[in-house]
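Derivation of every value follows stated rules applied to the coordinates shown; laboratory data play no part. Only a predicted model underlies this, so the values are computations on that prediction, with no experimental measurement involved. Cβ coordinates were reconstructed from backbone atoms using ideal geometry, including for glycine residues, and neighbour counts include every protein chain displayed.
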Amino acid sequence: MKKLNVAIFFGGCSSEYSVSLSSASGVILNLDKEKYVPVMIGITQEGTWYYYDGPIDNLLNDTWHTSPHCTPAVMSPNRCGHSLLLLKDEGIVRIPIDVAFPVLHGRNGEDGTLQGLLEMAGIPVAGCGTLASALCMDKDRAHKLVQLAGVPVPQSMTFEQDTPPETIAAFAGQIGYPLYIKPVKAGSSYGVTKVCDETELSAAVSLAFQYDNQAIIEENIEGFEVGCAVVGNQELIIGEVDEIELSGGFFTFTEKYTLKTSAIHVPARIADAKAAEIKEAAACIYRALGCSGYARIDMFLTPDGEIIFNEANTIPGFTEHSRFPSMMKAAGHSFQEILTRIIDLAVS
């Protein structure tokens with residue numbers, strides 16, 4: 001069989017640029033080289049596109065863009081082309097693309113922007129499409145749709161930069177402290193603050209607005225966070241439920257990528273019946289948000305056993321030790337097998 005050229009996008013104009021480099025390395029290293037040829041497309045933090053054909057280590061230490069292995073490139077929007085165009089001094093060279101695998105976390109990559117470009121060009125996308133990517137990135141709209149599907153969500157209020165501080169303070173007093181202030185469209189816990197009293201509100205709001213033009217105030221949910229890795233379109237494969245154990249505070253950026261004082265348990269330390277219930281809720285959320293290919297669905301499990309939606313990640317972490325591959329591995333699916341499944345779903 002002819003090997004498929006898989007365009008793997010990494011980097012990007014996002015606060016999660018460094019996370020993307022790690023995830024893309026995991027995808028590239030675990031791709032089945034008997035079936036696929038990785039075509040590495042790096043996007044700098046300034047937004048410059050390069051075709052990269054150098055060592056993977058240069059992604060991990062972020063020297064890839066200073067490498068002689070970089071060639072300026074653009075993706076052709078021509079639906080008949082399906083090509084990456086290398087802009088060489090001697091002229092344009094085309095690399096055919098069979099399927100795209102975006103590994104861009106956060107804005108300008110996970111939010112439907114890149115997916116829209118690829119769909120316009122007629123290139124199959126591994127993972128969620130434009131609409132689902134945009135919806136899942138928007139915490140407010142995702143919560144509203146999931147609530148309509150019958151899954152409980154935290155009490156929240158979305159506000160703009162010109163919202164009067166007293167309006168925010170009044171809602172905070174209504175739902176009670178502690179609470180969370182978050183950017184509406186950001187990931188990896190960037191711009192998120194756990195607010196313990198009214199004196200901390202102003203600084204938390206200012207931080208959230210550094211990452212988005214909208215912010216959301218959410219009630220604190222007692223209990224702990226659980227997650228489900230989901231793969232599929234009509235028929236779904238759901239990995240084992242995982243559990244985040246915190247020593248205090250919340251799952252910050254540092255804790256997500258170092259686990260200095262926290263731990264992730266796979267499978268979660270819960271009854272089998274409750275795990276099955278969480279998987280059912282994850283499937284419901286996945287379908288309500290129009291997800292396809294794969295996504296990680298994060299929820300809270302309260303002390304009285306209630307399942308409450310937190311967020312959906314359409315491009316979750318993809319390192320060897322990330323939650324998504326770990327949940328799938330616990331269910332008997334290797335990293336390589338899952339990547340193959342995701343790509344097959346895109347081209348089938």
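For region 74-153, applying the loop criterion from DSSP together with a ceiling of 10 other beta carbons within 10 Å to the GluC sites (Glu not before Pro) yields E90. Calculated [222 nm] ellipticity per residue, helices only, for the chain: -9000 deg cm²/dmol; basis is -39500 (n - 2.57) per DSSP H run with n ≥ 4, divided by all residues, nearest 500. On a per residue basis, the convex hull of the C-alpha atoms belonging to the chain measures out at 141 Å³.
Note: relative contact order over region 90-193, using C-alpha pairs below 8 Å and six or more positions apart, is 22 percent. Using every pair of alpha-carbon atoms in region 4-148, split the distances into 10 Å bins beginning at 0 and state the percent of pairs per bin, rounded to integers. Whole-percent P(r) values from 0 Å outward: 12, 41, 35, 10, 2, 0.
Computed 3J(HN,Hα) for region 17-27, one whole-Hz value per residue from the Karplus formula 6.51 cos²θ - 1.76 cosθ + 1.60 where θ = phi - 60°, is 3, 5, 5, 4, 4, 5, 5, 4, 4, x, 5, glycine and proline marked x.
Restriction of the trypsin sites (Lys or Arg not before Pro) in region 58-166 to DSSP coil positions whose beta-carbon has at most 14 other beta-carbons within 10 angstrom yields R79. Looking at the square roots a ≥ b ≥ c of the eigenvalues of the Cα gyration tensor of region 76-188, which shape do they give, rounded for a/c under 1.5, prolate if a/b is larger than b/c, or oblate? Prolate shape, in that a/c is at least 1.5 and a/b is the bigger ratio.
With 28 Å as the limit, the listed pairs K139/K279; K182/K279; K35/K329 all fall inside it between alpha carbons. Compared with the dominant principal axis of the Cα atoms in the chain, helix 272-288 is inclined by about 60°. Spin-label pair I237-C284: with each label point 7 Å from Cα along the Cα-Cβ axis, the two points sit 2.5 nm from one another.
Average projection, convex hull of the Cα set of region 1-89: 6.6 square nanometres. Run through the DSSP bridge list for region 1-114 and note the antiparallel percent, rounded to the nearest 5. Of those bridges, close to 55 percent are antiparallel.
Couplings 3J(HN,Hα) for region 75-91, derived from phi with the Karplus relation 6.51 cos²θ - 1.76 cosθ + 1.60 (θ = phi - 60°), are 8, 5, x, 5, 5, 8, x, 6, 9, 8, 9, 8, 9, 8, 4, 7, x Hz, where x marks Gly and Pro. For the pair D62 and Q210 in one chain, pulling the backbone fully straight at 0.36 nm per residue adds 50.9 nm over the alpha carbon distance.
Cα-based radius of gyration for region 141-254, normalised by 2.2 N^0.38 Å, reads 1.17.
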